[in-house]
Amino acid sequence: MRLELILEGAKRVVIAATLYTPFFTALNSVLTTPQLTTIGLEGLVVLSTNILIVFSTVLALLTGNIFAYLIPVIASTMSLGLSYLQVTILVFFATYLVLDTLTMVLRGGEVKYLRYSIKTWMRAILTPLIIVIPVFIAAYFTTHTLVLLFTNTTIQQSSLNPNILIILTSPITKIVLVLACVVYVYLTVERIAEIITGFIKPSYSISINKLLETKDIDVFYTPLSNWILYVSVAFLFYPVIYTMVFDILLVDVREYIVTHTPEVFSKYIVPFLFFILLVLLVRYLHTIIDPLEAPRRLLYASLTLLLLIYASSIKLVYPEKGWLGVIQPGFQELGVFLGKKFVDYGYEVITVLDLLFRILGVAP
Amino acid sequence: MKKLEVKRKLMPILLLLGIIVMLLSLYLLLLAIGYMERGYVGTSLLTLLVGFSLLSSSLYLLRLSTYVYATERKSEKE
């Protein structure tokens, strides 16, 4: 009984410590608002949020309810105009969750003494922590890396190729890097949390289900982030195949597209769509996904590539030799032609990616 | 009976293997940082790849060991 009272008191203290600043800020701004008729829509939203904060803080202090506590926490982070997660609020929230679980374990005064083993107490303390910690680590990592990347990266401008400099200094590169890091860290932390939960509270039915499920247990070797692999492989083959298809074989089609459509379409969108198609093709050919079908698919792909090379080398020498090119295809000329085009298209793809993200509003 | 005995030893083996592989992966990740500092970019990236693969495999082993632990506990109780 006494312990429960202490815990309830501790909960109130945590709530008061968390919501001290937001409560008084909100109260102050509510008391100092001018007449309702003079403030606009924005002011009305701010005013109602502040009133909500004040009321639910009082409610949370009186009842100790978790929802009454959550509402001002979320509303205050939005209304105070902070763009980052406040570490202190997160820590207090985790503490509150622990205390709440403990009071629920104690079952409010029904029984005078409830004895629990140390193991149960440990579980009661650790379970909310396991839920909170992965989110906390991911949030911390995100903010930390973002701050590092956006403030401290200095690249010597003179020593680099201008094309590479554009890629390195582009905000998109940073965003993609941070996203990849955060996703990887979150997945790892989630796995670790799953393992700890498995040891703290072993469940027979879940583990039997998992062990019987062959799809989850039989794992082939899968390297990290397959999509990066696909994009890089497609990037390698892209200029060659694009040149053979659009500059040699379908040159008339390309001329038609250039003359009859806007410049953006022919210069950026068609190559970009072609690149996406190539990435999907590489993914289709990836042998680990479907080991039985893979040899046949690879055979088709290599035959198609050979046919493409043969046809384009015939087409290249057709004006000089005519149909004699079927016997004497101009592989040499094709090589020279491809070498010229190799550098330009790679750069174009990156420009298009950059442009696309800018249009979508992902990057400033 | 003999089969049961073997089963009971499976969980510590998996746990030990998982921990060893995780330590190895952490060592490799530290090595990768050292290589990068000394300017061996290619070596460093390769070490990073090996380290991350080992890390994921160690997590997989530990996950398996939790499943085995749960099933073994149940069979011990019966």
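Here are a few things to note about the model shown:
- Most to least packed among A:44-50, A:116-122, A:316-322, B:34-40 [average Cβ atoms within 10 Å]: A:44-50, A:316-322, B:34-40, A:116-122
- For A:VAL87 and A:ILE208, a Förster radius of 35 Å and the Cβ-Cβ distance give a FRET efficiency of 0.30, rounded to the nearest 0.05.
- Estimated distance in nm for a label pair at A:VAL30 and A:VAL326, the labels positioned 7 Å out from Cα along Cα-to-Cβ: 8.9 nm
- For the residues of A:207-213, the average number of beta carbons from a partner chain within 10 Å of their own beta carbon is 4.
- In nm, spacing of pseudo-spin labels at B:LEU29 and A:PHE237 (7 Å Cα→C-beta vector): 3.4 nm
- Peptides B:23-30, A:94-101 ranked from most to least packed, by the mean per-residue count of other Cβ atoms within 10 Å: A:94-101, B:23-30.
- Nearest 10 degrees, 0 to 90: helix B:41-77 Cα axis against chain B principal axis: 10 degrees
- Sites A:LEU177 and A:ILE6 - FRET efficiency at Förster radius 45 Å, r taken between beta-carbons, to 0.05: 0.40
- Which of A:ILE208, A:ILE74, A:ILE172 has the fewest Cβ neighbours within 10 Å, and the rest in rising order: A:ILE74, A:ILE208, A:ILE172
- Separation in nanometres of the label points that stand 7 Å from Cα toward Cβ, at A:VAL13 and A:TYR300: 7.0 nm
- Other protein chain C-beta atoms within 10 Å of residue C-beta, averaged over A:194-206: 5.
- Each of the peptides B:61-71, B:44-54 was scored by the mean count of other Cβ atoms within 10 Å over its residues; in descending order, highest first, they stand as B:61-71, B:44-54.
- Shielding score for B:53-65, defined as the mean number of other chain Cβ atoms within 10 Å: 4
Coordinate-derived values only; no laboratory data. Note that the structure is a prediction, hence the values are computed from the model and not measured. Methodologically, a virtual Cβ is constructed for each residue, glycine included, from the backbone with ideal geometry; neighbour enumeration extends over all protein chains shown.
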